[in-house]
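This report refers to the structure that appears directly beneath it.
The values are calculated or read from the model by the stated rules, or taken from the named source; none is laboratory data. On a predicted model such as this, the values are computed, not experimentally measured, just so you know. Heads up, the Cβs are rebuilt from the backbone with ideal geometry, glycines too, and the neighbour counts pull from every protein chain shown. Just the protein is used for accessible areas: all its heavy atoms, side chains included, with ligands, DNA and RNA removed. Shrake-Rupley method; radii C 1.70, N 1.55, O 1.52, S 1.80 Å.
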Amino acid sequence: MAKRAGADSFTARLRKSVHRVRVALRKSGVDYFRGDGSDWIALVGLILTIPAITLGTIAMPVWVSPPALVLPIVAGGLLLRPASLLGLYAGTAAALIVESVALGPYTQGPGRVTPGTVLVVAACGLFGLLIAQFRARVGVPWRRGGTMLFDLRERIRVQSSLPALPRGWHHEMALRPAGGQSFSGDFVVAARTNGGRTLEVVLTDVSGKGMDAGSRALLLSGAFGGLLGSLPPHGFLPAANGYLLRQDWDEGFATSIHLVLDLESGDYELLSAGHLPALQLHAGSGRWEEKDAAEGPLLGVYDGAEFHPAKGSLRPGDVLMLFTDGLVEAADRDIAEGVDRLTGEADRYVASGFQGAAWHLIEACAKDVNDDRALLLISREA
């Protein structure tokens, strides 16, 4: 019995040990693919390329020249941590010494290690080390930097999505960052409140453009999305203004326009914080009207700002456009001229009910403008 108990105890200990090893391997694999684990696999792979390149240089110096050692250095700057990168540099320096001894003095012919080769390899190593140190300082995982930026871009896109509207209503939005970048200082947050009867939309233009304003736009879109629907409509802009003031940014102001639309009656209110007026197409007359709210101050300028609404109503066939200044303002034209051009282009889509019009209007009115552009269309079907 004692021998059997001892055997069972040994088997149990062995199973526990195997289980611990499996868990550790699984955790290491997950950490590796998430970019949180050690970079030893990449380090070993790059170190192994150094002797391969060195042998190729010694055997065929014309085809595999000594500067080929910059290849693992460049890859290491993108993949390795600074401490690991120093080990890779030590291996590269040793390889240069071996090549220099094996090939002989550089004065005896081509394909040898010259002072210029050493300078090129050292310069690449310096730039790689600076990149690795910057990445380590900002705390971006070594393989997740691009994934994180993609994640941020998708979060902005999801936060700017519009809720579905009941039958009889159509909406669409187009957003074009400056310079063809992925991040924009213009964003939209929207929600259906009051039991789904009311649509609230906020279009905001953060100071700056493109990547410079993208981080602030991401922060504000999350905060504004949390405020929208949690406060009475007339309390949103004062709360947003207070939030910006608390950030104490050097360049922290923004313009914003808040639409509160009753989806049953078509009545709406517009509250503006230094934003351009909206445009409404009246189906009966076929004319565009500027819906200029009592313009309040910019968000983030001073405390205690008040915002007063302008009221209107969307009848069957009417269209309401909200947009940012990048769509109508340019260096060679004033805003009034840009608004005229926008309404002239928009008239072409009256017959089609403005289906797919938002993207085409930006293309027609501000295709090559170096500024963020956003356009929101809401129409009530006839």
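Criterion first (touching a Pro at 6+ places or on another chain (Cβ under 9 Å) and in a loop (DSSP other than H, G, I, E, B)) does residue 284 satisfy it? Break it down stepwise before answering.
Working: touching a Pro at 6+ places or on another chain (Cβ under 9 Å): no; in a loop (DSSP other than H, G, I, E, B): yes.
When the stated conditions are applied, residue 284 does not pass them.
Determine, yes or no, whether residue 215 is on the phi < 0 side of the Ramachandran plot, assigned to a helix (DSSP H, G or I), open to solvent by 40 Å² or more (accessible area, probe 1.4 Å) and not basic (Lys, Arg).
Working: on the phi < 0 side of the Ramachandran plot: yes; assigned to a helix (DSSP H, G or I): yes; open to solvent by 40 Å² or more (accessible area, probe 1.4 Å): yes; not basic (Lys, Arg): yes.
In short, yes.
Pull up the stretch 369-382, narrow it to residues that are surrounded by 16 or more Cβ atoms within 10 Å (Cβ to Cβ) and among the aliphatic types (A, V, I, L, M), then point me to the one that is farthest from residue 172 (Cα to Cα). Give the steps one after another, and end with the answer.
Just the residues of the stretch 369-382 that are surrounded by 16 or more Cβ atoms within 10 Å (Cβ to Cβ), to begin with: 369, 371-380.
Of the ones still in play, those that are also among the aliphatic types (A, V, I, L, M) are 369, 374-378.
Numbers: 369: 21, 374: 11, 375: 8, 376: 6, 377: 5, 378: 7 Å.
Only one residue tops the list, namely 369.
Go through the stretch 338-368 and report how many residues are surrounded by fewer than 20 Cβ atoms within 10 Å (Cβ to Cβ) and of a type in the set (Val, Ile, Thr).
2
Any residue at all in the stretch 189-202 that is of a type in the set (Ser, Thr, Tyr), farther than 19 Å from residue 324 by Cβ and outside any strand (DSSP E or B)? Walk me through how you get there before you give the answer.
Step one: list which residues in the stretch 189-202 are of a type in the set (Ser, Thr, Tyr), which gives 193, 198.
Now drop any that are not farther than 19 Å from residue 324 by Cβ, which leaves 193, 198.
This time we only want the ones that are outside any strand (DSSP E or B), so: none.
Checked the stretch 189-202: no residue is of a type in the set (Ser, Thr, Tyr), farther than 19 Å from residue 324 by Cβ and outside any strand (DSSP E or B).
Between 248, 303, which is more than 26 Å from the chain's Cα centre (by Cα) and open to solvent by 20 Å² or more (accessible area, probe 1.4 Å)?
On the way: 248 fails: more than 26 Å from the chain's Cα centre (by Cα).
After ruling out the rest, the residue left standing is 303.
I need a count of the residues in the stretch 77-90 that are of a type outside the set (A, V, I, L, M), at pLDDT 90 or above and open to solvent by less than 30 Å² (accessible area, probe 1.4 Å).
Final tally of qualifying residues: 0.
Any idea which residue in the stretch 218-244 is modelled with the lowest pLDDT, counting only those that are surrounded by fewer than 19 Cβ atoms within 10 Å (Cβ to Cβ) and not in a helix (DSSP H, G or I)?
Selected residue: 229.
For the stretch 118-150, enumerate the residues that are modelled with pLDDT under 70, assigned to a helix (DSSP H, G or I) and of a type outside the set (S, T, N, Q). Before you say what the answer is, go through the steps one by one.
So in the stretch 118-150, the residues modelled with pLDDT under 70 come out as 138-150.
From what is left, the residues that are assigned to a helix (DSSP H, G or I) are 138, 145-150.
Across the stretch 118-150, the qualifying residues are 138, 145, 146, 148, 149, 150.
Out of all the residues in the stretch 312-345, which are closer than 14 Å to residue 361 by Cα, in a loop (DSSP other than H, G, I, E, B) and aliphatic (A, V, I, L, M)?
328
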